[in-house]
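First up is the structure itself, then whatever we jot down about it.
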Amino acid sequence: MQVEILTIFPEIFPTWLTTSIIGRAQKKKLVKINVHNLRDWATDKHKSVDDKPFGGGPGMVMRVDVVERAISEFRFQNSDFRTILLTPQGKKFNQRLAQKLAKQKQLILICGHYEGFDERIRRLANEEISIGDYVLTGGEIPAMALIDAVVRLIPGVVGNDESTKDESFSQNLLEYPQYTRPEIYKKMTVPKILLSGNHAEIKKWRKKEAEKRTKQRRPDLLK
């Protein structure tokens, strides 16, 4: 997978891109993530990417001409790029959408900032995505969240691909309880079934516990 990130704050990403699963995925060449400064496509001497909104109002609005020049450069190289606009007004991001995006080969992520986007930028995107019903300073954190969720689903990225199949939300269920050593800690014990060695019964227990936990904590997922 190839991911191109368009932002006005590229300095946010370098450390994150080289650590943990994302760093290992790039070393394995399973994903290539490039970060670009949108100011590189600005044409004035101040490298402006925003301007005052027509009609007045607070804040600054990201310019459509700068964003289009950036996107066009990548689409000229490869027309298969899927462009995603990260915005609170977009479709809410979830595990199912992450699984869908993990099958893509090329992604462009547009990170907004300031008061918002020129409305015409929406026409340049294939999809608008939000990571939740709240407003952040910019699209950089949503971009990292999306990439993290998507990249770990690419075969070979996580050491054991089976481990991603039973995670929370993978089948509209929260993940079942997990335990490790010590077996007894401050009078808190591990369920005996997990120590039985009976894998068929353990599987049944885990499914039952996942359903129970989902019903208690996120009943909306069961709908």
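The values are calculated or read from the model by the stated rules, or taken from the named source; none is laboratory data. Quick caveat, the model's predicted, so the values are computed rather than measured. Note that we place each Cβ from the backbone using ideal geometry, even for glycine, and neighbour counts take in every protein chain shown. Ligands, DNA and RNA are stripped out before the accessible areas are found, and what is left, the full protein with its side chains, is counted by its heavy atoms. Shrake-Rupley method; radii C 1.70, N 1.55, O 1.52, S 1.80 Å.
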request  = For the chain, just the Cα atoms, rotate onto the principal axes and tell me the three extents in Å, largest first.
outcome  = 70, 39, 33
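With the Cα gyration tensor of region 98-154 giving a ≥ b ≥ c as the square roots of its eigenvalues, does the rule (a/c under 1.5 for rounded; else a/b larger than b/c for prolate; else oblate) give rounded, prolate or oblate? Please list the in-between numbers first.
Numbers: a/c = 2.42, a/b = 1.46, b/c = 1.66.
The shape class here is oblate.
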ask   = Got a sec to turn the phi values of region 217-223 into Karplus ³J(HN,Hα) couplings, 6.51 cos²θ - 1.76 cosθ + 1.60 with θ = phi - 60°, whole Hz, x for Gly and Pro?
value = 9, 9, x, 4, 5, 6, 6
ask   = In terms of modelled amide H atoms, which long-range or inter-chain residues lie less than 5 Å from the amide H of E175?
value = S168, F169
request  = Please state, as a whole number in µm²/s, the translational diffusion coefficient that the Stokes-Einstein equation yields for region 5-130 at 37 °C and 0.692 mPa s, with Rh defined as the Kirkwood radius across alpha carbon pairs.
outcome  = 208
ask   = Is region 61-137 best put as rounded, prolate or oblate by its Cα gyration tensor, with a ≥ b ≥ c the root eigenvalues, rounded for a/c under 1.5, and otherwise prolate when a/b is larger than b/c, oblate when not?
value = oblate
Top positive-direction residue, dipole computed over the chain with Cβ charges, set A98, G138, L194 = L194
inquiry  = Just the number please: accessible area per residue for region 1-129, 1.4 Å probe, all protein chains included, in Å².
reply    = 56
request  = Compute the whole-percent fraction of alpha carbon pairs in region 52-102 spaced more than 12 Å apart.
outcome  = 76
inquiry  = For I108, what residues show an amide H to amide H distance below 5 Å, using hydrogens built from the backbone and excluding near sequence neighbours?
reply    = E4, R82, T83, I84
request  = Any chance you could run the full-extension gain for D65 through N126? It's 0.36 nm times the residue separation minus the Cα-Cα distance, nm to one decimal.
outcome  = 20.2 nm
message = Using only alpha-carbon positions, what ratio does the radius of gyration of region 170-223 give when scaled by 2.2 N^0.38 Å?
response = 1.28
